[in-house]
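Everything on this sheet refers to the single structure shown next.
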Amino acid sequence: MDSCAANNSTPVDLNIFPDGLKTSGQHPPIPELVQPYSSFPKIITGPTLWKAEDYQNNPEHWVRHFTDEEIEDLSSAADKFIADKIPLTGISKSNFVLFKLPEVLSVIRNDLLNGKGFILFKGFPVEKWGTHKTAVAYMGLGTYFGYFVSQNGRGHVLGHVKDVGDDPTQIDKVRIYRTTARQFFHTDECDIVGLCCINRAFEGGESDISSTHNVWNVLQAERPDVAETLTKPNWYFDRKGETSTGQQEYIKQAVFYLEPQANGRVLAKWDPYYVKSLSRFSDSGEIPALSPDQIDAMQVLEDTCTRLKLHMILEVGDIQFICNAQVMHSRSAYKDHLPPQPKRHLMRLWLSTPEMEGGWKLPFHDSNAKKRRGIQVDDRPPYAPLDAE
């Protein structure tokens with residue numbers, strides 16, 4: 001049985017993709033849509049710009065507690081979804097119907113995309129609901145912000161940030177979210193990333209975010225040479241083997257882009273672990289090694305994000321949503337509790353917000369695809385495991 005997915009050019013098999021949509025995956029930018037440094041603004045103003053001091057002592061501006069009525073709304077929708085026996089990979093706004101929250105979530109979605117770009121929800125009853133119902137309610141909540149996309153080569157549309165014993169020094173093979181290592185400031189391969197805290201670490205694993213537009217302004221004021229280096233489309237990003245047939249093992253792109261339209265906004269696409277892991281190709285001469293300017297720019301970018309960061313700690317039942325276009329995020333290294341206490345565990349969502357539904361205009365061919373970005377390997381089906389594996 002086939003369905004022609006809207007704005008995804010090829011039909012998809014509903015037996016493989018139950019919601020009728022396939023993740024687009026990683027692609028290089030369209031060269032003519034990549035703007036030169038001279039086109040970028042010297043200073044950014046407006047609702048997407050914020051400073052840590054605006055929020056660090058004012059949680060009422062970025063922390064929202066679910067009301068009892070809203071939790072009941074989520075609970076009822078989750079119970080009905082489970083009773084209907086729909087696969088979790090088929091969840092959508094049409095089969096996870098909320099009655100109390102949609103208007104609130106619409107306002108929050110607009111602020112995520114066009115405002116400060118982050119929010120922290122509190123009071124999700126993960127311990128009361130258990131893993132399955134929590135996953136349903138969380139993914140259902142996410143459908144009101146965007147379309148879930150695959151987060152890795154195995155098709156996981158419900159991710160799990162949890163230590164599974166992978167070696168964090170093997171950065172050409174290992175995804176750092178599966179380790180206890182520090183994550184440097186980065187963006188994810190999606191429009192909005194969600195993290196739902198199931199269990200906290202014994203120590204560490206705390207979250208920091210920085211306004212990309214504040215970072216840009218500081219770079220322009222202090223190190224315009226670094227800002228220019230980061231706009232050049234000569235950075236190679238590793239795919240770490242998560243490739244479809246015929247694809248290269250890396251993508252050549254920029255770190256900072258302008259939306260390809262009049263008065264386009266500055267957006268970032270960055271993860272240092274994916275840039276540092278390419279020595280297997282640069283050592284052989286297949287791609288250039290990082291230049292001294294690039295190495296310097298990487299360090300300056302990390303230092304600037306760190307200096308401008310807003311710190312937050314996710315407690316059990318907290319949900320953080322971040323828009324990757326204008327917010328970078330990181331996490332500290334951590335230590336887990338000793339058994340039998342549970343390990344640190346965050347459920348993760350990667351959500352797509354296509355241009356045609358108010359998302360940022362991207363210099364990529366899939367800007368209008370409902371499930372743009374993400375990581376898709378061939379026709380690997382979506383999978384929503386209830387724990388890390």
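Odds and ends about this structure:
- From the list L33, L49, the one residue that fits, being modelled with pLDDT of 95 or more, over 24 Å from H365 (Cα atoms), open to solvent by less than 80 Å² (accessible area, probe 1.4 Å) and out of contact with any Gly (no Cβ under 9 Å at 6 or more places or on another chain), is L49.
- Extreme residue, farthest from the chain's Cα centre (by Cα), among residues of region 285-334 that are open to solvent by 10 Å² or more (accessible area, probe 1.4 Å) and acidic (D, E): E286
- Where K276 falls short, out of the listed (1) modelled with pLDDT of 95 or more; (2) surrounded by 15 or more Cβ atoms within 10 Å (Cβ to Cβ): (1)
- Single match in P354, P363 (criterion: modelled with pLDDT of 95 or more and either more than 22 Å from D19 (Cβ to Cβ) or of a type in the set (D, E) (or both)): P363
- Of all positions in region 176-195, at least one carries a residue that is of a type in the set (A, V, I, L, M), farther than 29 Å from S291 by Cα and open to solvent by less than 10 Å² (accessible area, probe 1.4 Å).
- Out of K343, K335, one residue alone is farther than 16 Å from L120 by Cβ and either free of Cβ contacts under 8 Å to residues at least 12 places away in the same chain or in contact with a Gly (Cβ under 8 Å, 6 or more places away or on another chain) (or both). It is K335.
- Cross-chain or 6+ apart pairs with Cβ under 6 Å, region 112-140 first and closer than 18 Å to T353 by Cβ and open to solvent by 10 Å² or more (accessible area, probe 1.4 Å), then aromatic (F, W, Y) and outside any loop (DSSP other than H, G, I, E, B): I119/F321
The values are calculated or read from the model by the stated rules, or taken from the named source; none is laboratory data. Every value quoted in this text rests on a predicted model; they were computed, and no experiment measured them. Heads up, the Cβs are rebuilt from the backbone with ideal geometry, glycines too, and the neighbour counts pull from every protein chain shown. Just the protein is used for accessible areas: all its heavy atoms, side chains included, with ligands, DNA and RNA removed. Shrake-Rupley method; radii C 1.70, N 1.55, O 1.52, S 1.80 Å.
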